[in-house]
Each structure stands twice: as structure tokens, then as C-alpha cells.
Amino acid sequence: MTETVRLTRYARGGGCACKIPPGELEAMVAGLGPVGGAAADLLVGLDHGDDAAVVRLDERTGLVSTADFFTPVVDDAYDWGRIAAANALSDVYAMGGVPLVALNLLCWPRDVLPLELAREVLRGGLDVTRQAGCHLAGGHSVDDDGPKYGLAVTGVVRPEELITLDAGRPGVPLSLTKPLGVGVLNTRHKATGESFPAAVAAMTTLNRDAARAAVAAGVRCGTDVTGFGLLGHASKLARASRLTVAIEAARVPLLAGAREAVRDGYVSGGSHRNLAWVTPWTDFGRAGEADRLLLADAQTSGGLLVAGELPGAPVIGELLPRSEHLVIVR
């Protein structure tokens, strides 16, 4: 039975494409400031929508805390568990940190889907956290209408090595550590059942090595590219740093089959909402509709977008002094 169940049929959205749209999310959390403790010890909070919260423990240590979970993005339960775990861990890596301990977050329709499948999801999460050298210690589960899985992760970071959205400087190149296109390929997978091993491989690849390289290179500005797409996350970085992000569309790496998926109409509602959100403050130049949708494609467990050059990562643009547009696509 576990071989025939298509988990994506139980998902309203796929992976990070099921996020609340960025504009609605910003309006919802506006004005919700820090609660309790010394405000000076909260190094990163809600101000710019960074990937995780960071609290200073002492002069040498910051505690990184995040939670991330979503609906099935692929039909294979084990792969979904691996993808969700890698995606949650990415929030810590995106801040320049190291994950230490994680807790499972599982919602499961126990009267609809067999618990053997839930076990496979948890096994996938366990294998990826082991690969990351992060403890996975229990968690929380609820009986729910639809399956959802992810992790709450705690890590550490040196305050002087913290990577945030607001630390950009003009004239610095932008690098992207994973290709785009998992959103449209996952949408095609959900509709047709066709498998895309390269997309699964990208989503299950940890951002650990990229984060280590970024810290070693002195990078202090960056984020990971997930549900808001490259344009959405680049826009957040531009606004937080009060700069303009220029993206060279031809330099952005894409997974094989991504363009064909867009051509054939396999674009999620989340990606369309991303594009609509960034359009008012984006100059698209000569970029056509397909390029715009790919740049706004809702990624799941995507790569890091960092202000700096990293070995093996293509430079896709640069940071410019703020002008009329926050994002320019060339």
C-alpha cells in the first residue's frame, strides 16, 4: 500500500509554495515586536523577515531558532521527509549558523493514510539530520485533515559571523548556490506523477557546505531561496539593506526541464502570487513571461543567495545603490 499512495494528492499546495503570500504575511506580522528579555539581546527578530531568530547568549555565542513545515511536495514519503528536514535546517545555515538539535513537527490524517507512511517521513527526516550532525529528539504530532511535516531547529552562530538581510553593501556581487526550477517541476510531478530525480537531489542537498564557504569568505548578507522565489527573497534583501538588486537572468542556473514545465503551464499559484507581489517595484527589462515566472518560482529547500563570491556558485547579479527600482532584471 505504501508504494501506491500519492501523497501530493493530499496537499492543497506543494512544499514552500503553500506559504501564506509574502504581502499578506508582512501585513499580518506588522507591529509585532519582541516580547520579554532584553531587547539588545535579540540580534535578529521580525524586523526584516530573516530566516530565523537569533538571541545573544554571550559575546561569542548566538542562539538560532526556527521552525518550518509544509505539505507533501513529492509522492515518496521518505523523500518528502528528507526534503522537509533539509529545508528546515537551511534556515540556520542561511544565518551562518550550525544546527544542534531539532524536533519533529508532524500532522497526519491517521484515518486516511497508513502510519507506515508517516514512519517513512520521519525516517527521511532522521537521515538528513544525521547527515547534518544535528540531534533529532522527539517532537510533536497531531491528527489533522492533511499531512504536513517539518522541524523546529535550534542552532548556534558567532555574532560576528551572522548573515542577515540588512547587511548588504553596494558593488558586491550576488551568488546563488542551487539552480531554480523545483517549483514548476514539483507542480508537474503532482499533476502527472512524472518523477524528477535532479529536483529531489537539489532539494535534499544540505546548504551546510555553502554556508561554511560563505562564512569563510566573510559574507555577512544573504538568505535562502524558498517559497517567495528568487525575486521575492531578493526584494526582501534589497529593502532591508536599502539597496537595489540587479539580476542577470541569463546567469541564473535552472534545472533541466524547468523551462518546459513553464511552457506547459505547470506553475503553482504560489509562484504567480510571488510574481504579482514583486512586480510593482521590479524593472523586468526584456525578460519575458517565462523568465519572470522562473525567477518568481516558489522553491522548496532552495539554495543560498549571498552577497559575495563562493567557489562553484555562479554570480547572478550585484548590489547597487538604491534607485527607482528595488529589483532590476537584465
* To do: Give the percent of DSSP beta bridges with both residues in segment 86-185 that are antiparallel, rounded to the nearest 5.
  => 55 percent
* Structure fact -> Of the residues GLY139, PRO170, TYR10, the Cα lying farthest along the dipole of the chain towards its positive end, which is defined by charges on the beta carbon of Lys, Arg, Asp and Glu, belongs to PRO170
* **For the chain, share of DSSP beta bridges that run antiparallel, in % to the nearest 5** => 75 percent
* Taking amide H positions as placed 1.01 Å from N in the peptide plane, with prolines and chain starts having none, which residues 5 or more places from CYS221, or on another chain, fall under 5 Å of its amide H? -> THR164, ALA307
* What ranking do HIS140, HIS325 get, fewest neighbouring Cβ atoms within 10 angstrom at the top? -> HIS140, HIS325
* **Karplus-derived 3J(HN,Hα), 6.51/-1.76/1.60, for each residue of segment 67-74, Hz, glycine and proline x** => 9, 8, 8, 7, 6, x, 9, 9
* Candidates ILE247, ILE316, ILE83, ranked by Gaussian network fluctuation over the chain, Cα under 10 Å, top entry -> ILE316
* **Dipole in debye (nearest 20) - the chain, about Cα centre, beta carbon charges: Lys, Arg +1; Asp, Glu -1** => 400 debye
* Taking neighbour Cβ counts within 10 Å as the exposure measure, how do PHE196, PHE69 sort from fewest upward? -> PHE69, PHE196
* Asked: What full-extension length gain, to one decimal in nm, is calculated for ASP111 and THR192 as 0.36 nm per residue of separation minus the Cα-Cα distance?
  -> 26.6 nm
* Asked: If you stretched the chain out fully between ARG322 and VAL101, how much longer would it get, using 0.36 nm times the residue separation minus the C-alpha to C-alpha distance?
  -> 75.6 nm
* Mind ordering 120-127, 253-260 by average Cβ neighbours within 10 Å, highest first? -> 120-127, 253-260
* **Fewest-first ranking of GLU248, GLU289, using other Cβ atoms within 10 Å as the exposure measure** => GLU289, GLU248
* Net lengthening on full extension, ARG242/TRP281 (0.36 nm per residue, minus Cα-Cα) -> 12.7 nm
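FYI, it's all coordinate maths here, none of it is from the lab. Everything numeric here is computed off the predicted structure, so don't read it as measured data. Positions of Cβ are backbone-derived with ideal geometry, glycine not excepted, and every protein chain shown enters the neighbour counts.
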